[in-house]
Amino acid sequence: MVFIKEKDGIFKKELSLFDLIVFGVGSTIGAGIFILIGLGAQIAGSGLIISFVIATIITLFIALNYAELGTSIPTTGGSYAFVKESFGGIVAFYVGWLIWLGSIVYSALSAAGFIQYLNYFLPFKFHDLFGAIVLFAFVALNIRGIKKSMFVQKIITLILIGIFLVSIITGFSNVDAKNFTPFKNGITPIFIATSLIFVCFIGFAMTTTISEGVKKPKHIAYALILTVLISGLIYIGLTYVTFGSVSIDTLVNSRVPLMELVSQSPILLIFMFLAAILATLSSLNVSVIVSSMNLFALSTDGYVPPIFSSLHKKYQTPHIAMLFSAFIAILFIASKSIEFIAYVSSFGYLIAFSLVSSSLFILRKKRKFLERPFSLPYYQIFSLIGFLFPLILLIFLPSSAIFTGVVWIIFGFFIYTLHTLGVNRFRIAFGGINFLVSLFTLTLFCFIRIGFFSIQPLTRIFLTYISLTIGLVTLISGILFIKKVMIPEKEEKNQK
């Protein structure tokens, strides 16, 4: 793995600009574009083209921040390392924590997309279980090492780019202007669709994870910018010819929308199917690497149990981190909702990218004399835009994805608190939180009983029992947590 190389100090500086661009584009163009166009068409119609333009612009601003950070701190830690250097503490933890979530969910999205295209082309049906098997197959591959898979990734990327270019060029002749109705449902659906398809751009940041092996640091900046531009233009071109050649109704009802673009050409149909399979497997491979890398880094820094930083005796790879991440990904595969999976992945990366962009401003103040081979002019503006734009997109995510992300953030807070406060102080803090929740819910129970709120009878009964149950459970929980702290203190006094 990349971080193992950092630890052993054997990461040779032999990567060229071409290597970086191919790796970046290969990490970016994956499962998303093959399975989200139909869902995006349901939301924004042909306005999805504008959604891809907006997403490209936002990602470009983020990539410019990454460009300076990546050339200033050429380390295999990537996003986590940048924020750790500038903010440290809980902010760095949350970047690693959220990218771990985003990459786990993206691996689930890739596996689900792979199954969809197999089911479209083959006469028999594959189920979610097969997606889990494919996921663990890539875990097994990466446990044995990724040197060979990196070479395969480069070949896959070049094939994908070639197929996409042929599809775009041939598709232009079939474009009908009557198919375009971008503002049929207003502007809001375009931004909702942007928050959905943003997950198609997250791979560009992977370039920074191999930056320690780059011959010239400036190439990191060029590769990041060109990766976003190349990927964005391919996405916009594909979306344009797809909506121009295929009716909205067909796209909305298709689980494999890009196949509709080439359905009239048997040769292109086979090539597009090949591209879909390669892209979904490629993004699955990258997401397996990234998810385990972030969990490994969090464990190495003591934020999560040390077992996740343990290495395989033979292959020296973090096998436990890979396996655990894969098990969580299976839970998202089981949700059977590609739309939900994509939104949750976007949630994790949007917040993480926002924090990374803000770290540029902090690092300029904190490390004024740091060597910067690529230096942004007016960095304050780029840092501010990179910080704000992803947060604006968060507003357009559905409540289910936001709820899932917030639960992940709250769970992460307890993990971080346990690490920083120690067990006893954590128990005191958690006990206090339980007492506050108990006080609030029991107060709510009293207000409902005395008729302070004007609500429906069934709702009153439901809220009464729920508030009473939560109040009593949290009260007992708070007492038990505080009691756990008091008992060792008494024993210590008796020993003295």
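For a quick protection proxy, order the peptides 56-62, 379-385 by their average other-Cβ count within 10 Å, most packed first.
Details: 56-62: 21.6, 379-385: 16.6.
The most tightly packed comes first, giving 56-62, 379-385.
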Task: Percentage of interatomic Cα-Cα distances in region 158-260 larger than 23 Å - done: 41 percent
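Return the ratio Rg/(2.2 N^0.38 Å) for region 230-279, where Rg is computed over Cα atoms only.
On the way: Rg = 10.9 Å, N = 50, 2.2 N^0.38 = 9.7 Å.
Normalised by 2.2 N^0.38 Å, the Cα Rg of region 230-279 equals 1.12.
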Open item on the list: Using 22 Å as the Cα-Cα cut-off, could you pick out the over-long pairs in K154/K215; K154/K216; K216/K365?
Closed with: K216/K365
- [ ] Would you kindly calculate the translational diffusion coefficient of region 2-397, applying Stokes-Einstein with the Kirkwood radius from alpha carbon pairs, for 37 °C and a viscosity of 0.692 mPa s, and quote it in µm² s⁻¹ without decimals?
- [x] 157 µm²/s
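Roughly how many debye, to the nearest 20, is the charge dipole of region 2-397 about its Cα centre, given +1 on each Lys and Arg Cβ, -1 on each Asp and Glu Cβ, and no other charges? It would help to have the intermediate numbers written out before the result.
Working: 25 positive and 14 negative charges, 191 e Å.
Charge dipole of region 2-397: 920 debye, to the nearest 20.
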- [ ] May I ask you to sort M259, M272 by Cβ crowding, counting other Cβ atoms within 10 Å and putting the fewest first?
- [x] M259, M272
Open item on the list: With a cap of 10 neighbouring Cβ atoms within 10 Å, and only residues DSSP puts in a loop, list the chymotrypsin sites (Phe, Trp or Tyr not before Pro) found in region 74-140.
Closed with: F124
Open item on the list: Using Cβ contacts closer than 10 Å as the measure, can you line up L397, L468 from fewest to most?
Closed with: L468, L397
Open item on the list: Test of understanding: ordering H127, H319 by Cβ neighbours within 10 Å, fewest first, what list do you get?
Closed with: H127, H319
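None of the figures in this text is laboratory data; all of them are computed from the coordinates on show. Please read all numbers here as calculations on a predicted model, not as lab measurements. Neighbour counts are summed over all protein chains in view; Cβ atoms, including those assigned to glycine, are modelled from backbone coordinates with ideal geometry.
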